[in-house]
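Input: a single structure, listed below in structure tokens.
The values are calculated or read from the model by the stated rules, or taken from the named source; none is laboratory data. These numbers come from a predicted model, not from an experiment. Cβ coordinates were reconstructed from backbone atoms using ideal geometry, including for glycine residues, and neighbour counts include every protein chain displayed. Note: accessible area is taken over every heavy atom of the protein model, side chains too, but ligands, DNA and RNA are not part of it. Shrake-Rupley method; radii C 1.70, N 1.55, O 1.52, S 1.80 Å.
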Amino acid sequence: MFYRKLFLMLASFLLVFAFSFTAYAENVIKLGSSISFTGAKSRTGKLYVDSYKFAVNKVNEMGGVNVNGKNYKFELVFYDDKSKPTESARLVEKLITVDKVNFLLGPYSSGITIPNSIVARRYRIPMIEAGGASSKIFNKGNEYIFGMLPRAGDYFRSTLEFLTKQKPKPEKVAILYADDKFDVSVGEGAKAAAEEMGFDLVLYEKYSQGASDFTSAITKAKEAGAEATLVAGHTEEALNFVQQSKELDFSPNLLGLTVGPSEADFRKALGKDANYIYGVASWSTEMNFEGYLFENTQTFVKKFTDKFGYDPDYHNAAGIAAIGVYKDAIERAGSLDPQKVRDAIAKTSGLKTIYGPVDFMDNGQIIGSSVVLQILDGKVRQVYPASGYDAVYPMPGWDER
Amino acid sequence: MLTQILINGILKGGLYALMAMGMSLIWGVMNIINIAHGSFIMLGAYTTYWFFTLYGIDPFVSILLSMVLIFFLGFFIQKFIINFVIGASLFITLLLAFGIEILINNLALLFWTADVKSVQVSYGGANIEILGAVIPTVRLFAFLLAIAVSIILFIIMNKTWLGRAIRSTAQDLDAARLNGVNVGKIYSITFGIGTAVAAAAGTLWAVIFPISPTMGGHLTLKSFVVTIIGGLGTMMGPLVGGLSLGIVESLGTNWFGSTFENLISFTILVLVLIFKPNGILGKKE
């Protein structure tokens with residue numbers, strides 16, 4: 001009996017040791033993320049998962065991360081947050097305490113990033129997130145959160161700027177936005193920018209997240225003669241809005257959406273009706289930046305499309321850049337100490353990534369801007385600032401597409 | 001503008017009515033609040049989507065196919081699962097329906113992914129103009145079809161043996177049994193009809209709105225509200241409830257803004273529960 005107990009004890013010790021040895025033997029840096037594999041945000045969540053994996057593989061192929069002459073490999077630890085903020089925060093805590101991850105990557109969507117970032121601060125573990133842009137993430141004085149998406153309030157600034165350059169300059173603008181944290185920031189920012197640039201705001205309305213019926217809002221915008229309509233929401237709402245605009249024969253000179261145009265699903269679902277719709281993004285596949293993990297944007301786009309079978313959009317590019325920032329910062333810090341790495345991230349300066357040069361503001365958000373996209377012949381093209389593709393303005397009516 | 005808003009509301013109301021009809025039927029006959037109702041609507045939408053994209057069958061034709069398919073699905077779910085708890089407390093049946101909903105939704109997520117899909121019919125953007133208001137043709141078709149389905153259901157319930165059997169089962173179980181009604185079978189058929197009507201609503205939904213595996217939850221809630229507003233136990237209840245809700249929502253979102261759509265629905269629900277607890281058409285017990 002005694003021997004059996006002893007044997008069992010020894011065996012379990014051995015097991016524990018075996019595991020810890022494998023962990024120590026391969027120098028790894030664990031990056032943890034609780035992200036939406038299922039639930040409402042899983043469509044976009046997947047884009048981040050793909051990108052994180054792609055970038056981490058690339059870093060490891062390049063020889064990993066050099067910390068004071070010693071090479072470490074990146075290892076990803078994922079949990080499914082089921083698109084729920086509370087679940088996500090709990091899982092981040094588990095990543096830190098049970099899985100002992102070194103650093104954190106963000107989830108998707110502002111609403112989930114906020115509770116995550118608070119947990120990260122509590123444990124003083126840096127988190128680089130590429131899926132949340134609401135100002136509410138960055139105005140809490142949290143030193144451990146870094147965001148790769150530009151200020152939500154500035155999303156439509158470039159579109160409005162584009163409008164001021166049209167002849168004749170349109171006067172009446174309608175703005176609609178969903179009632180979640182990110183889109184409220186986008187809507188409020190767009191309103192401020194529109195007023196500043198001298199537009200007449202004929203409709204400024206909030207709708208509930210997941211709303212499927214926009215007939216009232218469209219009827220109002222049509223009655224008011226809105227020449228440009230900007231909608232900040234999610235893919236499903238964007239699809240609904242476009243379809244119902246067509247049904248009610250509402251064809252403004254410019255229809256601009258935040259989420260949607262840059263996603264392949266959106267174009268597939270709408271077919272030719274997607275043509276001429278405007279979008280905004282912090283990045284587009286037309287850009288060409290010299291990269292640090294990948295040679296440049298175009299090479300990256302090609303490699304990514306070959307591997308995953310879909311065109312990357314700004315979510316993907318931002319996710320890739322997040323890994324790039326970690327590699328760079330850890331190497332500069334020369335240590336895996338969370339505080340030292342945090343300070344190194346904050347000091348990131350002009351880091352070359354396929355997403356564009358990375359610098360952070362004092363609050364941790366990236367210094368960046370958004371470009372205006374338009375769907376032309378079923379493809380997303382950058383039309384402002386100029387990139388070689390001419391914008392079609394005003395948009396042709398629904399029956400001319 | 002007011003005409004346009006009213007038209008928007010009426011057209012939406014027709015769809016609401018059709019959505020609620022199946023739920024109201026199952027609730028009325030079996031006293032089961034079918035929380036999984038929205039999932040059957042979703043399945044109807046997806047069968048339509050597949051018939052359309054794989055075989056190019058027009059949704060207004062494939063509506064019959066998806067109704068038949070989902071009828072059998074509902075029939076067997078009732079026969080092999082729900083019939084076992086039919087006499088149990090409301091809580092148990094609610095729990096079971098909730099389980100079925102989770103199962104269906106997650107299978108749908110597994111097979112079809114969370115991607116948003118849409119059925120692009122060639123006449124999707126066509127519309128008619130009357131009195132300066134635009135009537136989208138698809139919505140009009142959907143509305144007319146919803147009315148047609150309610151009339152057919154009305155005829156089945158009032159003029160056929162099956163209808164009488166279903167109504168007698170709902171009224172007095174023992175009396176129905178004594179008169180030779182196979183109650184178990186009637187329950188399965190009723191559930192099947194309920195889900196088939198849900199599938200019809202799903203088909204029309206797919207023509208008008210984008211679809212996704214998680215669309216059902218919201219629709220269950222809307223069907224529930226419409227059923228309560230219209231009143232249980234009458235065939236015209238869902239129609240009256242649906243149209244009232246559609247119009248009030250349309251007017252309400254116009255005056256107060258789109259954020260208030262759900263607030264408006266639930267305010268009406270509360271008001272109806274306070275002033276006419278049995279619904280607009282509901283009979284006093």
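Consider residue A:292 carefully, then state whether it is without any contact (Cβ under 8 Å) to a residue 40 or more places away in the chain, more than 9 Å from chain B (Cβ to nearest Cβ) and of a type in the set (Ser, Thr, Tyr).
no
Determine whether the range A:48-56 contains at least one residue that is among the acidic types (Asp, Glu), open to solvent by less than 30 Å² (accessible area, probe 1.4 Å) and closer than 17 Å to residue A:318 by Cα. Write out each step before concluding.
First, pick out the residues of the range A:48-56 that are among the acidic types (Asp, Glu): A:50.
Among the residues that remain, those that are also open to solvent by less than 30 Å² (accessible area, probe 1.4 Å) are: A:50.
Filter once more, keeping what is closer than 17 Å to residue A:318 by Cα: A:50.
For the range A:48-56, residues among the acidic types (Asp, Glu), open to solvent by less than 30 Å² (accessible area, probe 1.4 Å) and closer than 17 Å to residue A:318 by Cα: present.
If residue B:188 passes every condition in (1) over 19 Å from residue B:7 (Cβ atoms); (2) buried (at least 19 other Cβ atoms within 10 Å of the Cβ); (3) within 12 Å of another protein chain (Cβ to nearest Cβ) but one, which one does it miss?
Of the numbered conditions (1) over 19 Å from residue B:7 (Cβ atoms); (2) buried (at least 19 other Cβ atoms within 10 Å of the Cβ); (3) within 12 Å of another protein chain (Cβ to nearest Cβ), the odd one out for residue B:188 is (3).
Restricting to the range B:54-69, name every residue that is part of a helix (DSSP H, G or I) and either without any contact (Cβ under 8 Å) to a residue 40 or more places away in the chain or closer than 24 Å to residue B:92 by Cα (or both).
Start the filter on the range B:54-69 by keeping residues that are part of a helix (DSSP H, G or I), which leaves B:54-55, B:59-69.
Selection gives B:54, B:55, B:61, B:64, B:65.
Given B:148, B:200, B:206, which one is within 14 Å of another protein chain (Cβ to nearest Cβ) and either under 25 Å from residue B:52 (Cα atoms) or in contact (Cβ under 8 Å) with a residue 12 or more places away in the chain (or both)?
Going through B:148, B:200, B:206 in turn, just one is within 14 Å of another protein chain (Cβ to nearest Cβ) and either under 25 Å from residue B:52 (Cα atoms) or in contact (Cβ under 8 Å) with a residue 12 or more places away in the chain (or both): B:206.
Considering only helices (runs of 4 or more DSSP H) fully contained in the range A:154-266, which possess at least 2 residues that are of a type in the set (Lys, Arg), surrounded by fewer than 24 Cβ atoms within 10 Å (Cβ to Cβ) and in contact (Cβ under 8 Å) with a residue 12 or more places away in the chain?
Values: elements: A:157-164, A:181-196, A:215-224, A:235-247.
Because the criterion is at least 2 residues that are of a type in the set (Lys, Arg), surrounded by fewer than 24 Cβ atoms within 10 Å (Cβ to Cβ) and in contact (Cβ under 8 Å) with a residue 12 or more places away in the chain, the helices (runs of 4 or more DSSP H) in the range A:154-266 that meet it are A:181-196, A:215-224.
Can we say residue A:274 is more than 9 Å from every other protein chain (Cβ to nearest Cβ) and under 23 Å from the mean Cα position of the chain (by Cα)?
yes
I'm trying to understand the selection: among the residues of the range A:31-46, which are within 8 Å of another protein chain (Cβ to nearest Cβ) and either of a type in the set (Gly, Ala, Ser) or farther than 16 Å from residue A:86 by Cβ (or both)? Walk me through how you get there before you give the answer.
Narrowing the range A:31-46 to residues within 8 Å of another protein chain (Cβ to nearest Cβ): A:38-40, A:42-43.
Answer for the range A:31-46, where residues must be within 8 Å of another protein chain (Cβ to nearest Cβ) and either of a type in the set (Gly, Ala, Ser) or farther than 16 Å from residue A:86 by Cβ (or both): A:39, A:40, A:42, A:43.
With of a type outside the set (Lys, Arg), touching a Ser or Thr at 6+ places or on another chain (Cβ under 8 Å) and farther than 21 Å from residue A:266 by Cβ as the only criterion, which of A:343, A:328 stands out? Working first, answer last.
Details: A:343 fails: touching a Ser or Thr at 6+ places or on another chain (Cβ under 8 Å).
It is A:328.
On the given criteria, is residue A:269 facing chain B (nearest Cβ under 10 Å), open to solvent by less than 30 Å² (accessible area, probe 1.4 Å) and either in contact with a Pro (Cβ under 9 Å, 6 or more places away or on another chain) or not polar (S, T, N, Q) (or both)?
So residue A:269 passes the test.
Output the number of residues of the range A:133-160 satisfying the condition of being over 12 Å from residue A:181 (Cβ atoms) and of a type in the set (S, T, N, Q).
Here the count works out to 3.
Identify the residue in the range A:379-394 that is at pLDDT 85 or above and in a strand (DSSP E or B) and, among all such residues, is most open to solvent (accessible area, probe 1.4 Å).
Top of the filtered list is A:379.
Given the criteria part of a helix (DSSP H, G or I) and either away from chain A (no Cβ under 14 Å) or among the basic types (Lys, Arg) (or both), does residue B:17 qualify? Let's see the steps before the verdict.
Numbers: part of a helix (DSSP H, G or I): yes; either away from chain A (no Cβ under 14 Å) or among the basic types (Lys, Arg) (or both): yes.
Yes; evaluated as a whole, the condition is true for this residue.
Would you confirm, using the coordinates I've provided, whether residue B:17 is touching a residue at least 24 places away in the same chain (Cβ under 8 Å), in contact with a Leu (Cβ under 6 Å, 6 or more places away or on another chain), buried (at least 22 other Cβ atoms within 10 Å of the Cβ) and small (Gly, Ala, Ser)?
Against the criterion (touching a residue at least 24 places away in the same chain (Cβ under 8 Å), in contact with a Leu (Cβ under 6 Å, 6 or more places away or on another chain), buried (at least 22 other Cβ atoms within 10 Å of the Cβ) and small (Gly, Ala, Ser)), residue B:17 qualifies.
Among the residues of the range B:223-252, how many are open to solvent by less than 10 Å² (accessible area, probe 1.4 Å) and either at the interface with chain A (Cβ under 10 Å from one of its Cβ atoms) or not β-branched (Val, Ile, Thr) (or both)? Break it down into steps so the answer makes sense when it comes.
Of all residues in the range B:223-252, those open to solvent by less than 10 Å² (accessible area, probe 1.4 Å) come to B:223, B:225-227, B:229-231, B:237-238, B:241-242, B:245-246, B:249-250, B:252.
Then keep just the ones that are either at the interface with chain A (Cβ under 10 Å from one of its Cβ atoms) or not β-branched (Val, Ile, Thr) (or both); that gives B:223, B:230-231, B:237-238, B:241-242, B:245-246, B:249-250, B:252.
Of the residues in that region, 12 qualify.
If you take the residues of the range A:22-47 that are under 20 Å from the mean Cα position of the chain (by Cα) and open to solvent by 30 Å² or more (accessible area, probe 1.4 Å), which of them is farthest from residue B:108 (Cα to Cα)?
Only one residue tops the list, namely A:46.
Can you tell me which of B:100, B:77 is within 17 Å of residue B:33 (Cβ to Cβ), within 18 Å of the chain's Cα centre (by Cα) and surrounded by fewer than 20 Cβ atoms within 10 Å (Cβ to Cβ)?
After ruling out the rest, the residue left standing is B:100.
Answer yes or no: is there a residue in the range A:101-122 that is among the basic types (Lys, Arg) and surrounded by 21 or more Cβ atoms within 10 Å (Cβ to Cβ).
No, the conditions are met nowhere in the range A:101-122.
Tell me whether the range A:356-364 contains one or more residues that are open to solvent by less than 40 Å² (accessible area, probe 1.4 Å), within 26 Å of residue A:141 (Cα to Cα) and aromatic (Phe, Trp, Tyr). Walk me through how you get there before you give the answer.
At the first step, the residues of the range A:356-364 found to be open to solvent by less than 40 Å² (accessible area, probe 1.4 Å) are A:356, A:358, A:360, A:364.
Add one more test, that the residue is within 26 Å of residue A:141 (Cα to Cα), and what stays is A:356, A:358, A:360, A:364.
Next, only the ones that are aromatic (Phe, Trp, Tyr) stay: A:360.
Among the residues of the range A:356-364, at least one is open to solvent by less than 40 Å² (accessible area, probe 1.4 Å), within 26 Å of residue A:141 (Cα to Cα) and aromatic (Phe, Trp, Tyr), which makes the answer yes.
Check residue B:255 against each of (1) in contact (Cβ under 8 Å) with a residue 40 or more places away in the chain; (2) within 11 Å of chain A (Cβ to nearest Cβ) and name the one condition it does not meet.
Evaluating residue B:255 over (1) in contact (Cβ under 8 Å) with a residue 40 or more places away in the chain; (2) within 11 Å of chain A (Cβ to nearest Cβ) leaves (1) as the failure.
With respect to residue B:122, determine if the residue is within 14 Å of another protein chain (Cβ to nearest Cβ) and surrounded by fewer than 16 Cβ atoms within 10 Å (Cβ to Cβ).
When the stated conditions are applied, residue B:122 passes them.
Could you grab the pairs with beta carbons closer than 6 Å, sequence gap of 6+ or different chains, first residue in the range A:79-100 and crowded, with 20+ Cβ neighbours inside 10 Å, second one among the basic types (Lys, Arg)?
What qualifies is A:83/A:41.
May I ask you to list the residues in the range A:224-266 that are charged (D, E, K, R) and closer than 25 Å to residue B:263 by Cα?
The initial filter retains those residues of the range A:224-266 that are charged (D, E, K, R), namely A:227, A:236-237, A:246-247, A:249, A:263, A:265.
Residues satisfying the conditions are A:236, A:237.
Which one of A:128, A:114 is in contact with a strand residue (DSSP E or B) (Cβ under 9 Å, 6 or more places away or on another chain) and closer than 23 Å to residue A:82 by Cβ?
Working: A:114 fails: in contact with a strand residue (DSSP E or B) (Cβ under 9 Å, 6 or more places away or on another chain).
None of the other options fit; the residue is A:128.
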